[in-house]
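Chemist: Okay, handing you the structure first.
Please treat every number below as a calculation from the coordinates, not as lab data. Here the structure is a predicted model, which means the values were calculated and not measured. Here the Cβ positions follow ideal geometry from the backbone for every residue, glycine too, while neighbour counts run over all protein chains shown.
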Amino acid sequence: MKNRNLIYLVCVFCAMFSNDIKAQTLWAKTKSSRNDSLYKKYRFNNSLRLSLGSFHISGMQHDGGAITQIGAYYERRCYKQIHLGIGYMQWVPIFMRNQDQYVVYPKSVFTDTTVTIGELQTLNTYKMIDLYASYKLNIYNTSHAVSLGFGASYIWGSNSYLESYYVYLFEIHSTSIDKKVDYYATLLNCGYDYTLLNNRLTIGANIRGRFYHQASLTEYDYNLHVGVNF
C-alpha cells in the first residue's frame with residue numbers, strides 16, 4: 001500500500017513538473033511574440049533631431065549664457081542596435097548683444113602681463129560637421145535608451161591673432177588680424193533618449209567630446225535634443 005502511494009505521488013509530481021515546463025514554454029513564446037509585435041510596430045529606422053546647449057573648451061572661457069551652440073543631426077539604424085549619424089553644429093551668439101559671431105577667449109589673455117605679437121586672441125564662431133557610429137541600447141524594453149558613439153569631426157572658423165600694439169597713458173591698445181582655420185577631431189558621444197507617442201517623438205541629452213588633432217584643444221558639448229523618428 002505504501003509503495004502504491006509513493007508511486008502515485010511521484011506520478012503527480014512528474015505531471016505537475018511536465019505541465020509547469022509546458023506553461024513556461026507557452027509563456028516564453030507569448031512574450032517573444034508580444035515583443036516581436038511591439039518591435040515591428042514601434043521600431044523606426046530614421047531619426048531627425050534639433051540640438052541646443054553649451055560647451056566648454058579647456059584653457060578657454062566665454063560668457064554666452066546657457067545656450068551657446070545649436071545644431072541638427074540625422075541618424076539611421078543600419079543593423080540592429082548599430083546606428084550611423086551625421087550632424088551639423090555651430091557656436092551662436094544668442095544672448096550676446098551687438099555681436100554677429102560667438103567669441104571664445106584664451107584665459108591667458110586675462111592673466112598674462114606680457115604681450116606677444118602673433119599670440120592667439122580669440123576663437124570665432126566655430127562650425128563643425130560630425131560623422132559617427134553609435135550603439136543604442138533600450139533599457140528593459142521601455143521608452144528609455146542609452147547610446148555610446150565614436151566618430152570624427154571637421155571643424156572650421158576663424159582665429160584672431162595680435163598684429164600690433166602700443167601703450168598710451170598706461171593702457172595697451174592693440175590691433176588683431178583674423179585668419180581662417182580648420183581642424184579634424186576625434187569625436188566621442190554619450191546619449192540618453194526617452195520616446196513618446198509610440199516612439200514617434202524623442203527627447204534626451206548628449207555629452208560629446210571633441211579632441212582636436214592640429215591644436216591643443218579639447219571641447220566638451222552639453223546638449224539637449226528633441227527629435228522625430230520615422
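Chemist: Ratio of Rg to Rh for segment 44-229, alpha carbon only, Kirkwood? All intermediate terms of the calculation are to be shown ahead of the outcome.
Modeler: Working: Rg = 19.5 Å, Rh = 18.1 Å.
Ratio value, two decimals: 1.08.
Chemist: Highest mean first, how do 83-92, 44-53 rank when packing is the count of other Cβ atoms within 10 Å averaged over residues? Can you show the working numbers first?
Modeler: Working: 83-92: 18.8, 44-53: 16.8.
Descending packing order for the listed peptides: 83-92, 44-53.
Chemist: Okay, moving on. Compute the FRET efficiency between THR186 and LEU50 as 1/(1 + (r/R0)^6), taking r as their Cβ-Cβ distance and R0 = 30 Å, and round to the nearest 0.05.
Modeler: Values: r = 25 Å, r/R0 = 0.82.
Computed FRET efficiency for THR186 and LEU50: 0.75.
Chemist: Something else: For segment 127-230, go through all pairs of different Cα atoms, get the mean of 1/r, take its inverse, and jot down that Kirkwood value in Å.
Modeler: Values: mean 1/r = 0.0596 Å⁻¹.
Taking every pair of different Cα atoms in segment 127-230, averaging 1/r and inverting gives 16.8 Å.
Chemist: Listing LEU162, LEU196, LEU169 from the residue with the fewest other Cβ atoms within 10 Å to the one with the most, what is the order?
Modeler: Details: LEU162 17, LEU196 12, LEU169 5.
The most exposed by this proxy come first: LEU169, LEU196, LEU162.
Chemist: R0 = 22 Å: FRET efficiency of TYR140 with CYS78, Cβ-based, nearest 0.05? List each step's numbers first, then the result.
Modeler: Values: r = 24 Å, r/R0 = 1.08.
Calculated transfer efficiency: 0.40.
Chemist: For the pair THR116 and ALA205, what calculated FRET efficiency results from E = 1/(1 + (r/R0)^6), where r is the Cβ-Cβ distance and R0 = 41 Å, to the nearest 0.05?
Modeler: Numbers: r = 40 Å, r/R0 = 0.98.
The formula returns an efficiency of 0.50 here.
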